[in-house]
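The values are calculated or read from the model by the stated rules, or taken from the named source; none is laboratory data. Everything numeric in this text was worked out from a predicted model, so none of it was measured. Using ideal geometry, Cβ is built from the backbone for each residue, glycine included, and neighbour counts are taken over all protein chains shown. Heavy atoms of the whole protein, side chains included, go into the accessibility calculation; ligands, DNA and RNA do not. Shrake-Rupley method; radii C 1.70, N 1.55, O 1.52, S 1.80 Å.
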Amino acid sequence: MPETPDISGTPRTAQGSEAAAGGPGRSGAATDSGGADASAAHGKTGATIELENLTKQYPGSAAPAVDSVNMEIKAGEIVIFVGPSGCGKSTTLKMINRLIEPTGGRIRIAGEDVTDMDPVKLRRKIGYAIQASGLFPHMTVARNIALVPKMVGWPKSKIAARVEEMLDLVGLDPGEFHGRYPRQLSGGQQQRVGVARALAADPPVLLMDEPFGAVDPITRDHLQDELIRLQRELHKTIVFVTHDFDEAIKLGDRIAVLRERSRIAQFDTPEAILTNPADDFVSGFVGAGAALKRLNLTRVRDVEITEYPTVKIDDPLQDVFDKLRSGSTNEILLLDRRGRPYKWLRRGDLMRAKGSLARAGTLVADTVTRDATLRDALEAVLTDNTGRVAVTGRRGEYEGVVDMETLMNSVHELLEADRLDAIEHQHHLEEVRAHQTHADQEGDGGGARA
Amino acid sequence: MNFWEFVSSTHQQLLTDAYQHASAVFQCMVVATVLGVLIGVATYRSEWAGNLATLTTSTILTIPSLAMIGLLIPVVGLGVPPTVIALTLYGLLPVVRNSIVGLRGVDPTLVDAAKGIGMSRAARLLRIELPLAWPPILTGIRVSTQMLMGIAAIAAYASGPGLGNEIFRGIASLGSANALNQVLAGTLGIIVLALLFDAAYVLIGRLTIPRGIRA
């Protein structure tokens, strides 16, 4: 990922009239990776971030707020810091752009040690988006976005083009929103502009501090989807702080679960954390919902659908009686003329309704399609009083039934498979690590000899 | 001679006095604004310094204006100098106080955001904090100006410029034909000037407060 040749990042940049002006500068900077600055500023794809024993000790407090964090964030990946409030996740994030000065340890971005560089210059290379957008209310949307490009000295025409491009990128019509003031925007729109401002000078690294914490759940969902789409285009290195574990699962390539003093409890993929939490703290944080959350990732089509005795509404009554009597179950499913689930019939129902199909049985309340998640299916099964739900095809026609037992068995199988995967994954990681250590030692030895 | 006849017969003198009055207030306000905002900028970050600045300027305001000018005369003499010094000192308090309140009232997350996107301290102050604090500062300037309009009348006591001269002359010759007219002309003149200045501030507010933060 760090060496991706796709230097131009977004396709739009490549089309923009200013791309030509920016292009040579960028590629020049990219080759000059040893340079003191500029290399990080204009490298279009993400840069690695390495935190080494990063520590923050506030004067007068016995324990450090952040205690010796070691972390390696790959270029172009989204890493989520998640943890209880007060665990130091925000502090850790703010140390990366040195809004909070670390009292110990090093920070390297794209291999370059930035722990002692001018913080103002450093921050211009790092996008920063915060909760409630942090837009300046006395500036128009366009001026807000133009701030960082202006500070780093882009020519005017390039800035103007970039502002339009960024608005377009975050899904706001440039013509309409350009001249607006932040207070004329909805919360979601403000947040989009906030992200546009953070990305305006094309920083390789983007820090997001609970950016979607202050918007309503529906808008938050949209913004998360947008961020995923953006990231697919831009491949920035994103460090994202949240206390919402669901948000972490949705967005993260990897999740760092932090405990107090920002100690890393587990740093792994969402799947691995869900199915194989490292310890009680992590499983506590993942919550009792881990299995339920896992259900969101699997669809009805992936599990076994059982057959169920059915009759058509047009079938003679005698057939219905026969099926009810001979069947292994107490119930049969009555289908309407187009083969859609209509009613559940029990043995006694017909007798009570005096032989009339129109009056007998209970109407089918809910069905699920094969594309529904297992969570939806479970929901339907739970609300049904007999513990099963009919699965339907594209036009609503009956295809089978999922019941509680099937669901439980499938979930157990899934979790078991995940667990095996996770163990294998861990073995693999350990092997890689061992290999790396070995290689490092070899390399050192070679260097000493040479 | 009724009041209007008096005004039309002495309008030359009245206009000169009114002009000098307005000019004195305006110039002192400029100095007080610059000083007041500078003091505000220098002290708002520290609880202690900010409170000291507010306390000092409000103590100055409690000195009776007549006494202040009287005390200044032996030091700087008669005429313009004591007027300017007194007016500037009196004008400081609202500006200093509103600068400090305004600058402290800027949403800390915005300052954090400004820092986070790489603005230097000076840029933050000039482009974020002062513009956002400008509406309360302008209100302070407006209040100061209204106050100085009245206080400037006392300047005539130290042979200073302005409409106060009309008032003092009238008071000195109470009982004579035009005494009351003189006092009235001076007072009304000050009121008219105050209203004109206020209108000017409304206009300045409209021109200088960005639409995004206008109430």
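How much of the accessible area of chain B, probe 1.4 Å, is carbon plus sulfur, in whole percent?
72 percent
Which parts of region B:182-215, residue by residue, lose 30 Å² or more of accessible area when the rest of the protein chains are there, as against the chain isolated (1.4 Å probe)?
Those are B:PRO210, B:ARG211, B:GLY212, which lose 30 Å² or more relative to the chain on its own.
Chains B and A: buried accessible surface, both sides, probe 1.4 Å, rounded to 100 Å²?
2000 Å²
Provide the solvent-accessible area of A:GLU430, counting protein heavy atoms only and rolling a 1.4 Å probe, rounded to the nearest 10 Å².
Approximately 100 Å² of A:GLU430 is accessible to the 1.4 Å probe.
Check each of the trypsin sites (Lys or Arg not before Pro) in region A:290-382 and keep only those in coil by DSSP with at most 13 other C-beta atoms within 10 angstrom; list them in order.
When the trypsin sites (Lys or Arg not before Pro) of region A:290-382 are filtered for loop state and at most 13 Cβ neighbours within 10 Å, A:ARG337, A:ARG338, A:LYS354, A:ARG359 remain.
State which helices in chain B qualify, where a helix is a whole DSSP H run, it must extend 24 Å or more along its own axis by its Cα atoms, and its mean Kyte-Doolittle hydropathy must be at least 1.6.
B:179-208
If contacts are Cα pairs under 8 angstrom and at least 6 residues apart, what is the relative contact order of region A:229-289 in percent?
Relative contact order, region A:229-289: 22 percent.
Give the angle, between 0 and 90 degrees and rounded to the nearest 10, that separates the Cα long axis of helix A:374-383 from the longest principal axis of the Cα atoms of chain A.
On a 0 to 90 degree scale, this one is about 40.
If you line up the long axis of helix A:156-169 against the longest principal axis of chain A, both from Cα atoms, how many degrees apart are they, to the nearest 10?
20 degrees
Which distance in nm do the two modelled labels at A:ILE264 and B:VAL76 give, with both placed 7 Å along the Cα-to-Cβ direction?
6.6 nm
If you take the charge dipole of the protein assembly as shown about its Cα centre, with +1 on Lys and Arg Cβ and -1 on Asp and Glu Cβ, which of A:PRO155, B:THR57, B:ALA215 is farthest toward its positive end?
Of the candidates, B:THR57 comes out farthest on the positive side.
Quote the charge dipole size of chain A about the Cα centre in Debye, to the nearest 20; the model charges only the Cβ of Lys and Arg (+1) and of Asp and Glu (-1).
Computed charge dipole of chain A: roughly 1620 debye.
Please name which of A:VAL282, A:THR373, A:GLY387 has its Cα lying farthest along the dipole of region A:271-404 towards the positive end, using unit charges on Cβ (Lys, Arg +1; Asp, Glu -1) and the Cα centre as origin.
A:GLY387
Give the separation of the Cα centroids, region A:78-115 to region B:57-128, in Å.
39 Å
Does anyone have the angle between helix A:141-151 and the longest principal axis of chain A? Alpha-carbon axes, 0 to 90°, nearest 10?
Approximately 40 degrees, to the nearest 10.
Calculate, for the protein assembly as shown, the solvent-accessible area per residue in square angstrom, rolling a 1.4 angstrom probe over the heavy atoms of the protein chains.
With all protein chains present, the protein assembly as shown gives 48 Å² per residue.
Based on alpha-carbon positions alone, could you give the equivalent ellipsoid semi-axes of chain B from the gyration tensor, as √(5λ), descending, whole Å?
Whole-Å semi-axes of the equivalent ellipsoid: 39, 20, 11.
If I ignore ligands, DNA and RNA and count only protein heavy atoms, how much of B:LEU174 is accessible to a 1.4 Å probe, in Å² to the nearest 10?
120 Å²
Taking all protein chains together and a probe of 1.4 Å, list B:PHE6, A:PHE267 from the most accessible to the least accessible.
Values: B:PHE6 10, A:PHE267 50 Å².
Order by accessible area, largest first: A:PHE267, B:PHE6.
Per residue, how big is the convex hull around the C-alpha atoms of the protein assembly as shown? Give it to me in cubic angstrom, could you?
Enclosed volume per residue, from the Cα hull, is 285 Å³.
Expressed as a whole percentage, what fraction of the accessible surface of region A:300-406 belongs to carbon and sulfur atoms when a 1.4 Å probe is rolled over the protein heavy atoms?
For region A:300-406, the apolar C and S fraction of the accessible surface comes to 46 percent.
Mean residue ellipticity at 222 nm from the helices of the protein assembly as shown, using -39,500 (n - 2.57) per DSSP H segment of n ≥ 4 over the full residue count, to the nearest 500 deg cm²/dmol?
Rounded to the nearest 500, it is -17500 deg cm²/dmol.
Which of the lysines could be linked to A:LYS150 by a straight reach, that is with a Cα gap under 24 Å, when you skip same-chain ones fewer than 8 residues away?
Excluding near neighbours in sequence, the set is A:LYS44, A:LYS94, A:LYS121, A:LYS125, A:LYS158, A:LYS236, B:LYS115.
List the relative contact order of chain A as a percent without decimals, with contacts defined as Cα pairs under 8 Å and 6+ residues apart.
14 percent
Pull up all non-local amide H partners of B:GLY160: gap of 5 or more, or a different chain, and H-to-H distance under 5 Å with H placed in the peptide plane.
Under 5 Å from the amide H of B:GLY160 lie the amide H atoms of B:GLY79, each far enough along the sequence or on another chain.
Normalised by the residues of region A:300-406, what does the relative contact order come to in percent, with Cα pairs under 8 Å and at least six apart?
27 percent
If I model a spin label at A:ASN385 and B:ARG45 as a point 7 Å from the Cα along the Cα→Cβ vector, what separation in nanometres do I get?
7.2 nm
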